[in-house]
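The values are calculated or read from the model by the stated rules, or taken from the named source; none is laboratory data. Please read these numbers as outputs of a predicted model, since none were measured by experiment. Cβ sites come from the backbone with ideal geometry, for glycine too, and all protein chains shown count toward neighbours. Accessible surface areas use protein heavy atoms only, side chains included; no ligands, DNA or RNA. Shrake-Rupley method; radii C 1.70, N 1.55, O 1.52, S 1.80 Å.
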Amino acid sequence: MDGKERKIKSAEYEAVVSAGPHLRRLQQAHAHLVVTGCHRSRALLTKLLTLSCAAGSIAYTRRLFRSVSDPDSFLFNSLIKASSKFGFSLDAVLFYRRMLLSRIVPSTYTFTSVIKACADLSLLCIGTLVHSHVFVSGYASDSFVQAALIAFYAKSCTPRVARKVFDEMPQRSIVAWNSMISGYEQNGLANEAVEVFNKMRESRVEPDSATFVSVLSACSQLGSLDFGCWLHDCIVGSGITMNVVLATSLVNMFSRCGDVGRARAVFYSMIEGNVVLWTAMISGYGMHGYGVEAMEVFHRMKARGVVPNSVTFVAVLSACAHAGLIDEGRSVFASMKQEYGVVPGVEHHVCMVDMFGRGGLLNEAYQFVKGLNSDELVPAVWTAMLGACKMHKNFDLGVEVAENLINAEPENPGHYVLLSNMYALAGRMDRVESVRNVMIQRGLKKQVGYSTIDVDNRSYLFSMGDKSHPETNEIYCFLDELIWRCKDAGYAPVPESAMHELEGEEREYALRYHSEKLAVAFGLMKTGDGVTLRIVKNLRICEDCHSAIKFISAVMNREIIVRDKLRFHHFREGSCSCSDYW
DNA sequence: CTAGGGTTAG
């Protein structure tokens, strides 16, 4: 009898398992259980539950759950785990609450799942409450729970709390290290991420591929090519197998650190790539202005049978915009909808406006904007349109666009600067003053621009008019001399209206000591002939600096690569890779 | 009987 029953159960179990994560087959299997009278078996129901969750049907999962009269801890754990794992994070939290209400004691498995769900939703308050349950349950020193908590606090934008959990761990698993590094990186704290990475190595913990993926992202933020190359050597030397995630991080790092050649080398070393890797390569070419190469990679990717997605199209359209490939961009935009069924989102719209704008088709850009719904008129669309107005000197339209921009996002100080610039360019100086007053009134401060440059494995940071550097005098003298030489070669300072609060000589002074110029001067002083300068700027490069650096590249016969907020500028022999469209 | 964890890419 026992043997027979086990055999029957096993057959039923097999029926459920073989249905796999497919809703209709699971429903058939369930119906079969009802017919054979096995529908009250907890074991089978638990299996059915996790599979229906995996099938993506939370509704059916809930129905199955309701059919269980007295769920046990096993069932709750499976349910919370599955719903958290397959993206039904809110349900995971609700099931957790139900579990507590049913007076079932959570385990470490329950906690890891529910904390992950809170992390995915950035539910800081609820996650913190769960953390208190962790303390009460006595699991505060469980390494799995701790790693989950670190990731949770980081994803809830509280990296300092994550660090507190991390610091209080006597023994740190590699995942805890990785969570902390990635947590800093995701919060834009690249230096802190690198600092933890160094500490990890001091603690003799061997980094794995997940570690490197996060550190490479941090390196991309910093734009430090030397550090990136060193990391690359580390990875190769460590014997870690190159997987597609790691390769993608490398491609992205090399691109964002200004060495698209090395990005390309990593890309071509991979035999198999998925859509993410291909997209990274397209995006890398695009941000350096290599539109033709980006399109080539895009076509090759399609020929290989890799299906482009929404992110791929952002990369392709952005590459077209930055390289002036308007006809290509138009046809890609059409095929995106028609052939691939990708619905254009705000990011694609921004690319199109940008592309028309840069390409000199101001009217077409504006027609495109006017064709959008009101909820699609996000700040980025207005910013792109504004760039087009500025480039084509249509200041009246520019003023209108800038006013729309402020209405769309009144709390962003950068927009006021743009509006004020437009007023100045349109000759409405009275308005310039009033915009400034509004900014003061609303307590908005202009974002401080800064530039960094690496020399001898050290990173140096400059901000406008900065005098904190020990060699300030030498740098300023060198720069003055350099500017004179540029002026002899034909350079004329471009007045920037962002400096509207300054007049005459004072204005030129502020302009002359912009952070990127200081970084360039410093780089020239500290490196030998033939060494390429690589500078990273947090904001967009201004027109005057762009012009000055073109002259510097000619006068000093140096290649200078500047990464600004949007793209790369390769200055060489007096011209820039962006063809002065940026 | 039923499952089993936390970190990583465009």
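Count the net charge of all other residues whose Cβ sits under 14 Å from the Cβ of A:Thr50, scoring Lys and Arg as +1 and Asp and Glu as -1. Cβ neighbours under 14 Å give a net charge of +4.
Net charge of the neighbourhood of A:Arg304, taken over other residues with C-beta under 15 Å away and scored Lys/Arg +1, Asp/Glu -1, is 0. Full extension of the chain between A:Val244 and A:Ala59 yields a length gain of 63.2 nm, computed as 0.36 nm times the residue separation minus the alpha carbon distance.
Using just the Cα positions, wrap the stretch A:361-510 in a convex hull and report its mean projected area in square nanometres, one decimal place.
12.3
Spatially, the stretch A:176-236 and the stretch A:361-408 are offset by 39 Å when compared through their Cα centroids. Checked against a 21 Å cut-off, the cross-linked pairs A:Lys85/A:Lys199; A:Lys81/A:Lys164; A:Lys393/A:Lys445; A:Lys467/A:Lys565; A:Lys467/A:Lys526 give Cα-Cα distances beyond that limit for A:Lys85/A:Lys199; A:Lys81/A:Lys164; A:Lys393/A:Lys445; A:Lys467/A:Lys565. The spread of Cα positions in the stretch A:58-148, taken along each principal axis and listed from longest to shortest, comes to 36, 24, 20 Å.
Viscosity 1.567 mPa s, temperature 4 °C: what is the translational diffusion coefficient of the stretch A:345-447 from Stokes-Einstein with a Kirkwood Rh over Cα pairs, rounded to a whole number of µm²/s?
Details: Rh = 13.7 Å.
Answer, rounded: 95 µm²/s.
In percent, what relative contact order does the stretch A:345-447 have, based on Cα pairs under 8 Å that are 6 or more apart in sequence? The value is 21 percent. Taking every pair of alpha-carbon atoms in the stretch A:450-576, give the share separated by more than 27 Å as a whole percent. Result for the distance tail: 9 percent.
If I stretch the segment between A:Phe144 and A:Arg485 completely, what's the gain in nm (0.36 nm per residue apart, minus their alpha carbon distance), one decimal?
Gain in length upon complete extension: 116.6 nm.
Taking the protein heavy atoms of the stretch A:450-576 in the context of the full set of protein chains, the accessible area attributed to carbon and sulfur is 47 percent at 1.4 Å.
Across the stretch A:450-576, C-alpha contacts under 8 Å between residues 6 or more apart give a mean separation that, scaled by the residue count, equals a relative contact order of 28 percent. From the alpha carbon centroid of the stretch A:289-327 to that of the stretch A:36-69 is 45 Å. Averaged per residue, the stretch A:368-424 has 42 square angstrom of accessible surface, using a 1.4 angstrom probe with ligands and nucleic acids left out.
Average projection, convex hull of the Cα set of the stretch A:242-307: 3.8 square nanometres. Placing +1 on each Lys and Arg Cβ and -1 on each Asp and Glu Cβ, with no other charges, gives chain A a dipole about its Cα centre of roughly 2660 debye. Spin-label model, A:Phe135 to A:Arg42: label points 7 Å out along the Cα-to-beta-carbon direction sit 3.2 nm apart. Across q = 0.09 Å⁻¹, chain A modelled as identical point scatterers on its alpha-carbon atoms has Debye log10 I(q)/I(0) values of -0.88, in the order of the q list. A simple spin-label model places the labels of A:Lys467 and A:Glu409 3.5 nm from each other, with each point 7 Å out along Cα-to-Cβ.
Give me the accessible area per residue for the stretch A:263-344, probe 1.4 Å, as a whole number in Å².
Heavy-atom accessible area per residue stands at 44 Å².
Segment A:Asp580..A:Cys477, full-extension length gain: 34.3 nm, with 0.36 nm per residue of separation and the alpha-carbon distance subtracted. FRET efficiency for the A:Arg436 to A:Val555 pair, using the beta carbon distance and R₀ = 45 Å, is estimated at 0.80. Secondary-structure-derived ellipticity at 222 nm for chain A, considering helices only, amounts to -21000 deg cm²/dmol, per-run term -39500 (n - 2.57) for DSSP H runs with n ≥ 4. Annotation: Cα Rg of the stretch A:327-393 relative to the compact-globule expectation 2.2 N^0.38 Å equals 1.07.
Within the stretch A:44-116, the trypsin sites (Lys or Arg not before Pro) that combine a DSSP coil assignment with at most 11 other C-beta atoms in a 10 angstrom radius are A:Arg103. Rg/Rh for the stretch A:1-115 stands at 0.99; both radii use Cα atoms, and Rh follows the Kirkwood definition. In the frame of its principal axes, the stretch A:181-329 has Cα extents of 55, 28, 24 Å, reported largest first. Considering only alpha-carbon pairs that sit under 8 angstrom and 6 or more positions apart, the relative contact order computed for chain A is 6 percent.
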